[in-house]
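Since the structure comes first, as structure tokens, the remarks are kept for the end.
Computed from the coordinates by the stated procedures, all read-outs in this text should not be read as laboratory data. The structure displayed is predicted, hence computed values, not measured ones. Note: ideal-geometry Cβ built from the backbone for every residue, glycine included; neighbour counts use all protein chains shown.
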């Protein structure tokens, strides 16, 4: 009986010591070590890949955001401010525009529509979004053709929070952005080219443009607030 009680006590003591040691190592030492290494070697990424302008954080290079006009009385969703480059649609989040494609990026809820390619609602949304893209980006001296509209201009990403657009979609917006900001098309096109990132390591993924970084450069060029 005494041996049984003694063995049980020793086992409980060993288990308690193991619990304390593992809690200290896994719950304190390891997290502190990983956090310290991340802060030293990858400071920007460890802190959310924040992008600053004029000393203030204006967003993250990992999260898409809208560039809209102030919300007017009676409106549920603000319209896009067409002097800025616009991101891809963000389906499934928040409330909808008149064209049926969601324009709000919300970190609380992310995801895709999960609609199939032959879904009637998706087909309608894409058609309406395509018509809106053509209308918004056509200028007096430049008419956007339906064949000019790339897929990412009318469809959302899987997460709904994609911060990038394709170079094709950025190029499609050049004439409109130039006209709205009283800049030359050539200078705005140079800006897009300067902010186009190539494939990772030369072969992974596709060329892309970070919309927030591009708009910050546009603001500096145009002198806009």
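With the requirement that a residue be part of a strand (DSSP E or B) and at positive phi, what does the stretch 46-62 give you? Lay out the reasoning, then the answer.
Quick first cut of the stretch 46-62, residues part of a strand (DSSP E or B) only: 50-53, 56-60.
Within the stretch 46-62, 59 is the sole residue that qualifies.
Yes/no per residue for (1) out of contact with any helix residue (DSSP H, G or I) (no Cβ under 9 Å at 6 or more places or on another chain); (2) under 17 Å from residue 170 (Cβ atoms):
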residue	(1), (2)
53	no, no
57	yes, no
60	no, no
63	no, no
71	yes, no
76	yes, no
80	no, yes
85	no, yes
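Here are some conditions: (1) touching a helix residue (DSSP H, G or I) at 6+ places or on another chain (Cβ under 9 Å); (2) without any contact (Cβ under 8 Å) to a residue 40 or more places away in the chain; (3) crowded, with 19+ Cβ neighbours inside 10 Å. Residue 173 meets all but one. Which one does it not meet?
(2)
Please go through the stretch 122-148 and pick out each residue that is in a helix (DSSP H, G or I) and exposed (fewer than 11 other Cβ atoms within 10 Å of the Cβ). Write out each step before concluding.
As a first pass, look at the stretch 122-148 and keep what is in a helix (DSSP H, G or I): 122-137, 146-148.
Result: 135, 146, 147.
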